[in-house]
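These notes concern the structure reproduced below.
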Amino acid sequence: MKLNDEQQMLQDSVARLMADKGPVSHLRELRDRNDEKGYDEPLWHAMVEAGLTGILVPEEHGGIGFGLVGAGLVAREIGRNLSVTPFLSTAVLGATALAAGGSAEQQQKWLPSIAEGSVITALAVDDGAKHRPEAIKTEAKAAGDGVTLNGGKLLVLDAHVADLLLVAARQGDDTALFLVDPKAQGVTIERTRLVDDRNAARVTLDNVAAEPMADGAAALAAALRAGRAVLAAELSGLAREAFERTLEYLKERKQFGRLIGTFQALQHRAALLMGEVSMSDALAMQALDACDRNADDADVQVLAAKAKAARVALLAGQEAVQMHGGIGMTDEFDIGFFLKRARAGGETLGDANYCADRFAVLRDY
Amino acid sequence: MSDLEQFRAETRAWLEANCPEEMRQPLKSQADHCWGGRKWQFQSQAQKVWMERMADKGWTAPQWPTEYGGGGLSPEQAEVLAEEMKRLNARTPVSNFGFWMLGPALLKFGSEELKRQHLPPICRGEIRWCQGYSEPNAGSDLASLQTRAEDKGDHFMVNGQKIWTSYADKADWIFCLVRTDANATKHNGISFALFDMESEGVSTRPIELISGESPFCETFFDDVKVDKNQIVGELNRGWDVAKYLLTHERNNIGGEPPGFLKGRALGPLAAEHVGTEHGKLADSALRADIARLEIDQMAFQALVGKIREEAEAGQGVGAQSAVLKYYGTELNKRRYEVMMDALGAEGLEWESERTMGGLYAREWLRSKGNSIEGGTSEVMLGIVSKRLLGLPDA
Ligand SMILES: Cc1cc2nc3c(=O)[nH]c(=O)nc-3n(C[C@H](O)[C@H](O)[C@H](O)COP(=O)(O)OP(=O)(O)OC[C@H]3O[C@@H](n4cnc5c(N)ncnc54)[C@H](O)[C@@H]3O)c2cc1C
Ligand SMILES: Cc1cc2nc3c(=O)[nH]c(=O)nc-3n(C[C@H](O)[C@H](O)[C@H](O)COP(=O)(O)OP(=O)(O)OC[C@H]3O[C@@H](n4cnc5c(N)ncnc54)[C@H](O)[C@@H]3O)c2cc1C
């Protein structure tokens, strides 16, 4: 899978943007001042200006409809810089769900606002500690024109700053997404600080009025696929950065009178890590492209990509800390942030075991 | 229709018309592979016809220039040919070290005379080659090799011993690393020589492998005369040729090797042996191993695709071949381990007809050599860390 000229240009400009406007130091600052919003607002504005919030919004709704490869390229740089933005929750999950399953009216209402960066959306799927969208417990009951929802959600990204919740609930035998106003009666949102210092929340729904989508099942499926594929790219970018920082360290740090990068035990581990990172990245890009082409095996590829990226990012984080020795364990040093994000990003929308299980199901064993 | 589509249509039609039915099924084992050469005994008329027809088209070596017996295809066309062959399950018509090792090296370093002499017989499947690199005291440290070639005026006189020479007893010619300057530094006195295995003074002794097969030999040279024009590249610069050839060898070993598992999915195979419960393999740990392996393989294939694209864009595969070799062979070993887990007791049978003469166990054991031949996994990691990561020597 080769990038076309437009994609190449996007990659170059996004790489500059994220490094300039969304570096790791911002994550640290946001954390240290316990920022109320919990995301990097100046960066988000810059992303809006660059059109990135509308990257998956169709052109007729004011976006640029660039496709998932484009979104993956953005996510890869987010991963490299650990940039703190609602890109995944809003520009990827929200935009994809609404574009895939929203009614004309719902699309009209939300998609242009997503593109212009004036709203944040949050996808609420998990109602247990593990991602199991096939066994959603939150219930939707018909009530007049709409439905009422009851249940509890966790790992809801950006929920405490969201203008719209997209909630997965079970109605009879079907599972679908429903639109919920975060300020509606019966909604409780508890911001939960996670190990990676990103925005996540627990959401409780107590007889909450919700709006069905035109095709809420399709919206859920599309959002999950897009989200996993984009997360695979983010985790690959994160893994690459952790690896590169570690490689630099091996070329700087001396012990026993020589650079630690001369020790074969570390050389081979670095070589293995490079291979793993490259494979993770190549598969993520291939999977994103398969989605854009609507290839028959796009689902299989996305599950594989997410599983691979989750493992590799965690491996990279662990190896990075280990090869940095004592300093890798300190909060003052940034490398630990990569390990933390690898853990949280790996869990989001299905960990490696979950994705491998679904992968096997799709391959009939 | 674009030229490439036109080519695809013609290729498909030609293959449909010319590939014998018997040659349209996966190899049952490595024994079904057609190696060619003077001593080759075709397993069937179909195998012979298929090789000859493909050789006439130049498609035994699709990308080599037509003047040397190749097909002159562009990389894109070769890809189409490969895809169309795969569609039919068409077997590789013939292949040996001449195709995937010597050929590329000759095309790059060989004189016009040597190319014209050696490439066409390779393409026609008439001459089978073997590789004389390793010696008892020169394995990973290949450049410390000691086989000597003395200048005797009108010829070289070769003396010494090689080891692990695959198919030395079946091959017709050898490409061989010899020391032509005993006083030069390790890498600078080596030459890349070609000679006939029927030359006087060449003898071979097969070595039995743990798989019970004897595909490789100890090879002895006792005053063997080699023509002076049979040196590829410059005299004493054979190390450059040797290294270039190794990158091709590594790419090839890193690809999916022929054998029982080629093109075969492990899921259904495991289901036959461990059964299913609620549509899933009954052995959940095995199921997880298979899924993880297949995911890793997909990721590897994605990387292979990317490296190939970069190579075509002109950057060459270079030291990336070490990445491909390492992961390709390590994954293949894992595949055989998982296969043996799935087969259980049946996989252990060494002779039964049921198991095609112990094919599973033998191929499992043979796969262990993948990460040794052509440079060991540890040597590959060394190349990656020095050449790709720029990590310093001690
Ligand atoms: C939680 C914690 C508690 C600690 N408590 C104490 C304490 O109470 N008292 C105290 O004195 N110290 C303590 N330490 C320090 C600890 O002993 C050192 O961090 C450790 O010895 C490693 O040294 P380093 O951090 O300088 O890493 P380095 O020596 O710089 O190592 C960096 C990397 O290079 C590798 N490496 C180094 N040399 C070689 C080699 N020859 N071959 C292969 N790889 C090599 C290391 O394994 C590591 O992966 C503590 C550290 C931690 C993390
Ligand atoms: C099936 C098979 C077919 C073969 N076919 C051919 C052929 O056709 N022609 C031919 O010339 N040769 C052939 N070989 C030989 C092959 O190239 C050598 O076996 C290989 O290069 C390793 O050399 P060695 O066996 O001497 O092992 P050694 O070099 O002695 O290695 C022993 C162990 O030490 C490790 N090691 C060595 N050096 C280092 C280092 N610097 N750092 C870390 N670890 C190290 C190795 O990785 C290995 O694990 C074949 C081998 C096999 C198994």
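The values are calculated or read from the model by the stated rules, or taken from the named source; none is laboratory data. Being a predicted model, the structure only gives us computed values, none of them experimental. Using ideal geometry, Cβ is built from the backbone for each residue, glycine included, and neighbour counts are taken over all protein chains shown. Ligands, DNA and RNA are stripped out before the accessible areas are found, and what is left, the full protein with its side chains, is counted by its heavy atoms. Shrake-Rupley method; radii C 1.70, N 1.55, O 1.52, S 1.80 Å.
For chain A, excluding the exposed loop sites themselves (trypsin sites (Lys or Arg not before Pro), DSSP loop, at most 16 other Cβ atoms within 10 Å), the longest remaining stretch covers A:38-129. Restricting things to alpha carbons, find the Rg to Rh ratio for segment A:180-256 using the Kirkwood radius for Rh. Checking Rg against Rh, the ratio lands at 1.23. Ordering B:331, B:285, B:321 by the projection of their Cα atoms onto the charge dipole of segment B:253-388, which places +1 on the Cβ of Lys and Arg and -1 on the Cβ of Asp and Glu, puts B:321 at the extreme positive end. Pairwise Cα distances in segment B:3-95 exceed 17 Å for 49 percent of all pairs.
Taking the Cα atoms only, what angle lies between the long axis of helix A:264-292 and the longest principal axis of chain A, rounded to 10 degrees? Roughly 30 degrees between the two axes.
With the biggest extent put first, the Cα atoms of segment B:129-237 measure 43, 28, 21 Å across the principal axes. Note on A:250-256: average number of Cβ atoms from other chains within 10 Å of each residue's Cβ is 1.
Residues of segment B:245-290 that bury at least 30 Å² of accessible area once all protein chains are present, compared with their chain alone (1.4 Å probe, heavy atoms only, ligands and nucleic acids left out), are B:280, B:287.
A 1.4 Å probe, protein heavy atoms only, puts the accessible area of residue A:204 near 70 Å². Largest first, the three principal axis extents of the alpha carbons in segment A:35-100 are 34, 23, 20 Å in whole numbers. Based on protein heavy atoms only, chain A ends up with 40 Å² per residue of surface accessible to a 1.4 Å probe.
When shorter helices are ignored and each DSSP H run of at least 4 residues is given -39500 (n - 2.57), the per-residue value for chain B at 222 nm works out to -13000 deg cm²/dmol. Per residue of chain A, the DSSP helices (runs of n ≥ 4 H) give a summed -39500 (n - 2.57) that works out to -16500 deg cm²/dmol at 222 nm.
For the peptides B:75-86, A:278-289, the ranking by packing is A:278-289, B:75-86, with the highest mean count of neighbouring Cβ atoms within 10 Å listed first.
Directionally averaged projected area (chain A, Cα convex hull): 18.3 nm². Extents of segment A:121-214, largest first, come to 40, 27, 22 Å (Cα atoms, principal axes, whole angstrom). Interface B/A, total buried accessible area with a 1.4 Å probe, nearest 100 Å²? Buried surface at the B/A interface: approximately 3100 Å². The GluC sites (Glu not before Pro) of segment A:227-326 that meet both conditions, a loop assignment by DSSP and at most 14 other Cβ atoms within 10 Å of the site Cβ, are A:252. What is the sum of charges around residue B:72, taking Lys and Arg as +1, Asp and Glu as -1, for the other residues whose C-beta is under 15 Å from the C-beta of residue B:72? Net charge around residue B:72: -4. With a threshold of 20 Å on the Cα-Cα distance, the over-threshold entries among B:306/B:368; B:39/B:325; B:162/B:243 are B:306/B:368; B:39/B:325. Evaluated with a Cβ-only charge set (Lys, Arg +1; Asp, Glu -1), segment A:121-214 carries a dipole of roughly 300 debye about its Cα centre, given to the nearest 20.
Shown for the protein assembly as shown: the carbon plus sulfur share of the solvent-accessible area, taken with all protein chains present and a 1.4 angstrom probe, equals 47%. Averaged per residue, segment B:253-388 has 44 square angstrom of accessible surface, using a 1.4 angstrom probe with ligands and nucleic acids left out. Per-residue 3J(HN,Hα) values for segment A:310-320, derived from phi via the Karplus relation 6.51 cos²θ - 1.76 cosθ + 1.60 with θ = phi - 60°, read 4, 5, 5, 4, 5, 4, 4, x, 5, 5, 4 Hz in sequence order (x marks Gly and Pro).
The per residue volume of the convex hull around the alpha-carbon atoms of the protein assembly as shown is 177 Å³.
Per-residue Karplus couplings for segment B:206-222, computed as 6.51 cos²θ - 1.76 cosθ + 1.60 with θ equal to phi - 60°, are listed in order as x, 10, 7, 8, 4, 7, x, 9, 10, x, 10, 9, 8, 10, 10, 10, 10 Hz, Gly and Pro entered as x. For segment B:3-95, the solvent-accessible area works out to 52 Å² per residue, with a probe of 1.4 Å and every protein chain left in place.
What separates the Cα centres of segment B:1-53 and segment A:273-319 is a distance of 35 Å. The listed residues A:188, B:219, once ranked by accessible area (1.4 Å probe) with the largest placed first, stand as A:188, B:219. Shape class for segment A:72-156, computed from the alpha carbon gyration tensor (a ≥ b ≥ c): oblate, with a/c not under 1.5 and a/b at or below b/c. Among rounded, prolate and oblate, which fits segment A:219-362 when a ≥ b ≥ c are the square roots of the eigenvalues of its C-alpha gyration tensor, a/c under 1.5 means rounded, and a/b larger than b/c means prolate? It comes out prolate by the Cα gyration axes. Mean separation of Cα pairs under 8 Å and 6 or more residues apart, divided by the residue count, gives chain B a relative contact order of 13 percent. Relative contact order, whole percent, for chain A stands at 16, derived from Cα pairs under 8 Å and 6 or more residues apart.
Reported value for segment B:218-351: 165 Å³ per residue, from the convex hull of its C-alpha atoms.
List the residues of segment B:379-394 that lose 20 Å² or more of accessible area once all protein chains are present, compared with their chain alone (1.4 Å probe, heavy atoms only, no ligands or nucleic acids). Buried-area filter returns B:381, B:384, B:385, B:389, B:391, B:392, B:394.
Taking a ≥ b ≥ c as the square roots of the eigenvalues of the Cα gyration tensor of chain B, is the shape rounded (a/c under 1.5), prolate (a/b larger than b/c) or oblate? Verdict is prolate for chain B.
Select from segment B:182-222 those GluC sites (Glu not before Pro) which occupy a DSSP coil region and have at most 13 other Cβ atoms within 10 Å, ordered by residue number.
Those satisfying the criteria are B:198, B:200, B:208.
In this structure, the amide hydrogen of residue A:123, modeled 1.01 Å from its nitrogen in the peptide plane, lies closer than 5 angstrom to those of A:157, A:166, counting only residues at least 5 positions away or on a different chain.
Here the Karplus relation 6.51 cos²θ - 1.76 cosθ + 1.60, evaluated at θ = phi - 60°, turns the backbone of segment A:110-126 into coupling constants of 9, 4, x, 5, 4, 4, 8, x, 8, 10, 10, 10, 9, 9, 10, 10, 5 Hz, with x for every Gly and Pro.
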